[in-house]
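Okay, so here's the structure we're looking at.
Quick note: the coordinates plus some simple rules give every number you see, no bench work behind them. Model, not experiment: these values are computed from the prediction. In this analysis, Cβ positions are derived from the backbone assuming ideal geometry, glycine residues included, and neighbour counts consider all displayed protein chains.
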Amino acid sequence: MSSWSYYISLYFLIACSLLAVFAYTIIPDGSKNANDQHTEIALRSPGFKSKFLVEKSQNSSTILERLWSGEDNSPLYIQYTERSSSDGQWIIQNAMNRERIIDQSRYPETETKTFWLGTDRFGRDQLSRLILGIRISLGIGFMAVLISLLIGISLGAIAGFFGGWVDRIVMYFVNVVWSIPTLLLVFVVVLALGRGMSSIFIAVGLTMWVDVARLVRGQVLSVKNNTYVKATKTLAYSSTRTILRHVLPNIAGPILVVAASNFAIAILIEAGLSYLGFGVQPPAPSLGNMLNENYGYAISGKIYLALFPALMIMSLVLSFNILGTQLRDRFDVKKV
């Protein structure tokens, strides 16, 4: 794997992570879930510009609240193409040629917005929703990988280090879970816990720990007879200290490789669940439900509506796979 592809993937993932963390300070539509709807300008092409009357700001959210979930009381925007003023009133005409009279004191400001990726069928800003979709995909991927690592490393290390009947019991449980189809297990967990962010990353995490456990068990078996591990027994170190301070740090390379691979798998599973309607529920945007909402417009000449979320899913998965491959080469992991 060439180094330039690795660095491109790494910088791309860093950029996406920064977008995810600071999403609400970057996106044009700062409302919660970027759900500011303007049906009069629905399905507009990328680069479309429109003028808006802006309501007096009523936002009372703190900086941390805005950073995490957007503005609960974000100002209202009213789209117009023409306007005139009379006796303290705005007389406007919107993109559907409908005339309205608006209180000028309530909407004293005007603003021109550019919809860089166009608008969806509800007139929402596609760029804002795409960035929030990246945030949700990376957030679910991170939590799912964290859950899978906690369970997989714990069970795999215990089975490999102690061996005997402990190993047989753990591996029997691992093989039982491994025999269950991934999507079936995810559906069961989601239906049991309900549809939502927390249930999604728990469901995805509970499907990926098996590979981690099998890998960690094999790696622990290969290092537990090394001299430095035997020395800890001579010094009467506890098994917990030996595993945490001497065994796991020496098998960190393979674990990082499988974590990168699982991150890509988690993003794909989340996108698939949202696409099928079992994932993140609207109006919260995820790359999967954006694809679900817009794929039908591809055959009507508005392919960009489905193209942007699809390309983002592909780019994230490809970047994590390239990162995992490079980590495998650097740590000289032959069988992961």
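Quick notes on this structure:
- Divide the volume of the convex hull around the Cα atoms of segment 33-165 by the residue count and you get 141 Å³ per residue.
- Listed by chain and number, the aspartates and glutamates whose C-alpha is less than 20 Å from the C-alpha of residue 302, apart from same-chain residues fewer than 8 away, are 40, 120, 125, 293.
- Plainly put, the chain has a radius of gyration that is 1.11 times its Kirkwood radius, both from alpha-carbon atoms, as the Rg/Rh ratio.
- Residues of type aspartates and glutamates that residue 32 reaches as a straight line, Cα spacing below 12 Å, ignoring anything fewer than 8 places off in the same chain: 65, 71, 72
- Inter-part distance where segment 5-32 and segment 134-196 are each reduced to a Cα centre, Å: 28 Å
- Residues 200, 134 arranged by fewest to most Cβ contacts within 10 Å: 134, 200
- Rounded to 10°, Cα long-axis angle of helix 164-178 versus longest principal axis of the chain: 30 degrees
- For 119, 227, 232, the sequence from fewest to most other C-beta atoms within 10 Å is 227, 232, 119.
- Degrees between helix 197-223 axis and first principal axis of the chain (Cα, 0 to 90, nearest 10): 30 degrees
- The order of 112, 39, going from fewest to most other C-beta atoms within 10 Å of their C-beta, is 112, 39.
- Computed over neighbours whose Cβ is under 13 Å from that of residue 171, the net charge equals +2, Lys and Arg +1, Asp and Glu -1.
- The alpha carbon gyration tensor of segment 48-115 gives principal lengths a ≥ b ≥ c with a/c of 1.5 or higher and a/b no greater than b/c, which makes the shape oblate.
- Degrees separating the helix 3-21 axis from the principal Cα axis of the chain, which is the longest one: 60 degrees
- Electrostatic tally near residue 130: other residues with Cβ closer than 13 Å to its Cβ, Lys and Arg +1, Asp and Glu -1, net -1.
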